[in-house]
Each structure stands twice: as structure tokens, then as C-alpha cells.
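Scroll down for the structure; my scribbles are underneath it.
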Amino acid sequence: MNSHSTERFLSYLRDKNTDAVRFRWASDNLARLLCIEATGKLPHREIEIETPVGTASGQRLDTDLMVLPIYRAGQSLVQAFLGVVPDAAVGSVLIQRNEETAQPKLYYKKLPHPLPKHVIILDPMLATAGSAVMAVNILKDEGYDAEQIYFAGVVAAQQGFNRLAEHIPEDHITVAAIDPVLNEKKYIVPGLGDYGDRYFGT
């Protein structure tokens, strides 16, 4: 993903002086762009539309969809996605990273039934990809295959992007930026800090 709009909103998110109100504004706008990009990769069908004065060809999403935020930060992207795809189902997983080992642990899982045909995992920061890979494995245990699973986030570390691409197709991963490295605490550099803390003002 690369556009002037993406860069503009991402610049606010990266700036350490951006307050919570402006951070949420930039995040919500960027999330809509992420959703448009990510859902554009899903199956679509050609349709004919009756306009007030004639007919026109168009497209509609040709699948049912679940968004799966990884709590807590992933929840910051949900409302913007529902603004674009209002009939999407919403699941949830609470996966937290152990700050000492950087290993993920599953605390909670809730998925809709019947399961939609496709799912987009939402997590704004893809660092080691430990949480995202765990979410993928949870979905595979539920019967999904890699072709049905997508990911959308704001910033990825190259390492995390590469690791996730071993579990789902690379072109199923939508992020606004890929940063080069992780620091010793496994934070993305230059990154933008703790997304959940900055979005929710905690």
C-alpha cells in the first residue's frame, strides 16, 4: 500500500507528539484505506445495476466475511472496517505477548457460527508475527485453509511480514508500511510505539 493519503495519515501516527484525539482520527481514516485495499483482494462478482436513467455494470463482494481483531490493539481497526463492509461478522481473540519472552499466549477466543467463508485478521502492529501466526493456526484448526485467510495492519517489521508470509499467501497481507528492524524489546523501529496505548489513551 502506498499513496499520498496513506503517508499523510501514517505520518500523524508515527509522530510522538500526536495526541490521542488526532491519533484516533488518523488511525480511523487509514483503517478505511486498509479495508478498501484488503477487501479488494477478495472474490468479487460482476453485476448489472439499474440507475435512475439507465443501466451500468458494477461489482459486488462475492463472499461472506469475518473480521478477527487481535485484542486489544486490533479492536482499534474494527469500526472503520465495518464502515466499509457493514455486514461483516466480528470474531475476537485475546492474544498477549509475554514481555520477557516475546512469545504469544491465547487467553480468549470467540468466533461466529456458521463461520464465514473468508476472514481478515486485524492487528495494527506486525512485529515478530507471533500473535498473527497463532491467530492463523486457530483459524486453520477451525477448518479454514490459508487461501481463505487475510491480514490487515498498519506497520509491519520485515521479519514479521516474512514470517506471516510462510503461513498465508504474501499477497493476502495488507499493511501501510514495512519497517526494517525490531529492537531488543521486539518493538518495530522506527515504528510508532504502542498502538493500543496511543489509540485508547492509556
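The values are calculated or read from the model by the stated rules, or taken from the named source; none is laboratory data. Just so you know, these numbers come straight off a predicted model, no measurement behind them. Cβ coordinates were reconstructed from backbone atoms using ideal geometry, including for glycine residues, and neighbour counts include every protein chain displayed.
Of the strands (runs of 3 or more DSSP E) lying entirely inside the stretch 95-196, those carrying at least 2 residues that are among the hydrophobic types (A, V, I, L, M, F, W, C) are 118-122, 149-157, 173-179. Within the stretch 76-102, which residues are surrounded by 12 or more Cβ atoms within 10 Å (Cβ to Cβ) and free of Cβ contacts under 8 Å to residues at least 40 places away in the same chain? Once the filter is applied, which keeps residues that are surrounded by 12 or more Cβ atoms within 10 Å (Cβ to Cβ) and free of Cβ contacts under 8 Å to residues at least 40 places away in the same chain, the stretch 76-102 yields Leu82, Ala88, Ala89, Val90, Gly91, Ser92, Leu94, Gln96. Within the stretch 1-15, the set of residues being in contact with a strand residue (DSSP E or B) (Cβ under 6 Å, 6 or more places away or on another chain) and polar (S, T, N, Q) comprises Thr6 only. Filtering the stretch 8-21 to residues that are farther than 15 Å from Pro190 by Cα and in contact with a helix residue (DSSP H, G or I) (Cβ under 6 Å, 6 or more places away or on another chain) leaves Phe9, Thr18.
So, Ala129, is that one in contact with a Lys or Arg (Cβ under 7 Å, 6 or more places away or on another chain) and hydrophobic (A, V, I, L, M, F, W, C) or not? Here the answer is yes, as Ala129 does meet what is asked. Against the conditions (1) surrounded by fewer than 12 Cβ atoms within 10 Å (Cβ to Cβ); (2) basic (Lys, Arg); (3) modelled with pLDDT of 95 or more, Arg60 satisfies every one except (3). Screening Glu46 with (1) without any contact (Cβ under 8 Å) to a residue 40 or more places away in the chain; (2) within 20 Å of His172 (Cα to Cα); (3) of a type in the set (Asp, Glu) gives one miss only, at (2). Of all residues in the stretch 107-114, none satisfies being modelled with pLDDT of 95 or more, on the phi < 0 side of the Ramachandran plot and within 14 Å of the chain's Cα centre (by Cα).
Can you name the residue in the stretch 156-202 that is in contact with a strand residue (DSSP E or B) (Cβ under 7 Å, 6 or more places away or on another chain) and polar (S, T, N, Q) and, of all such residues, is farthest from Pro43 (Cα to Cα)? Here the residue is Asn183.
Given the condition closer than 16 Å to Arg97 by Cα and within 15 Å of the chain's Cα centre (by Cα), answer yes or no: does some residue in the stretch 175-192 qualify? No, the conditions are met nowhere in the stretch 175-192. Residues in the stretch 11-21 that are over 20 Å from the mean Cα position of the chain (by Cα) and of a type in the set (D, E, K, R): Asp15, Lys16, Asp19.
Here Thr18 clears all of (1) in contact with a strand residue (DSSP E or B) (Cβ under 8 Å, 6 or more places away or on another chain); (2) assigned to a loop (DSSP other than H, G, I, E, B) except the condition numbered (1). None of Gly153, Gly191 is crowded, with 17+ Cβ neighbours inside 10 Å and on the phi > 0 side of the Ramachandran plot except Gly191.
So, Glu48, is that one charged (D, E, K, R), closer than 22 Å to His4 by Cα and not in a loop (DSSP other than H, G, I, E, B) or not? Against the criterion (charged (D, E, K, R), closer than 22 Å to His4 by Cα and not in a loop (DSSP other than H, G, I, E, B)), Glu48 does not qualify.
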